[in-house]
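All remarks here apply to the structure that follows.
The values are calculated or read from the model by the stated rules, or taken from the named source; none is laboratory data. Not measured: the values here are computed from a predicted model. Positions of Cβ are generated from backbone atoms using ideal geometry, with glycine treated the same way; all protein chains shown enter the neighbour counts.
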Amino acid sequence: MTEQVNPAGPDDGAERSERVERHWAAVATALMALLVVMAVFAGVHQATLPQSHVETADPRTLHLHGEFIESNLGSALEPDGSVTVRAIGQQYSFTPQCILVPTDTPITFRVTSADMVHGFLITGTAINLMLVPGYISSIPARFDKLGDRHMPCQEFCGLGHEGMWGRIKIIDKATFQRMAVDTRRLSCVQ
Ligand code: CUA
């Protein structure tokens, strides 16, 4: 291209503004392309990887291996002093049927379903989980007072739904810790 004879002429202004316009059109196009790439990446990423807080448990093999085998159900005292409670809901009961927990202790409930959607609700508390087969439902809890609470299934799960309920027994922290010395997994099922 040849140099413009008159750099301050009216043509130069028009050309410059056109150049600026083209420049911004390119920037806008690049931005749009970037957004599309980001959206596609996010979608593919989410579809291929489970989200970090979603935990799965195969309902067909719960009783065979993994954390929900029968000998691992109940309340476990962890090395850090907290308690992990593992339980299963199935038509039409909970295992264990009576869950034993201590007062004044951080507790984590980890519950799953062996067949269909059930509910896990502890009366008088904010604990209310949906148990979906294939997934582990987890919730932190803490109990200040001794006592018994009911644990009814609150999702309709079939003809026996009304009769599906368990119990929670909250006992003194020191007593719980004494019991945990001899028994790896505690419950109050007699
Ligand atoms: Cu289980 Cu309703």
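A few points about this structure:
- Residue count for segment 159-185 satisfying the condition of being in a loop (DSSP other than H, G, I, E, B), within 16 Å of the ligand (Cβ to nearest atom) and over 25 Å from the mean Cα position of the chain (by Cα): 2.
- Looking only at segment 59-98, and only at residues there that are farther than 20 Å from residue 135 by Cβ and not in a loop (DSSP other than H, G, I, E, B), the one that is farthest from the ligand (Cβ to nearest atom): 77
- In segment 106-135, the residues that are under 19 Å from residue 185 (Cα atoms) and not basic (Lys, Arg): 106, 107, 108, 109, 111, 112
- Residue within segment 39-57 that is within 16 Å of the ligand (Cβ to nearest atom), in contact (Cβ under 8 Å) with a residue 40 or more places away in the chain and under 30 Å from residue 148 (Cα atoms) present: no
- Residue ID - farthest from the ligand (Cβ to nearest atom), chosen from residues in segment 138-151 that are surrounded by 18 or more Cβ atoms within 10 Å (Cβ to Cβ) and of a type outside the set (D, E, K, R): 143
- Enumeration of residues in segment 106-122 that are β-branched (Val, Ile, Thr), surrounded by 16 or more Cβ atoms within 10 Å (Cβ to Cβ) and part of a strand (DSSP E or B): 107, 111, 112
- Residue check for residue 60: among the basic types (Lys, Arg), within 22 Å of the chain's Cα centre (by Cα) and modelled with pLDDT under 95: yes
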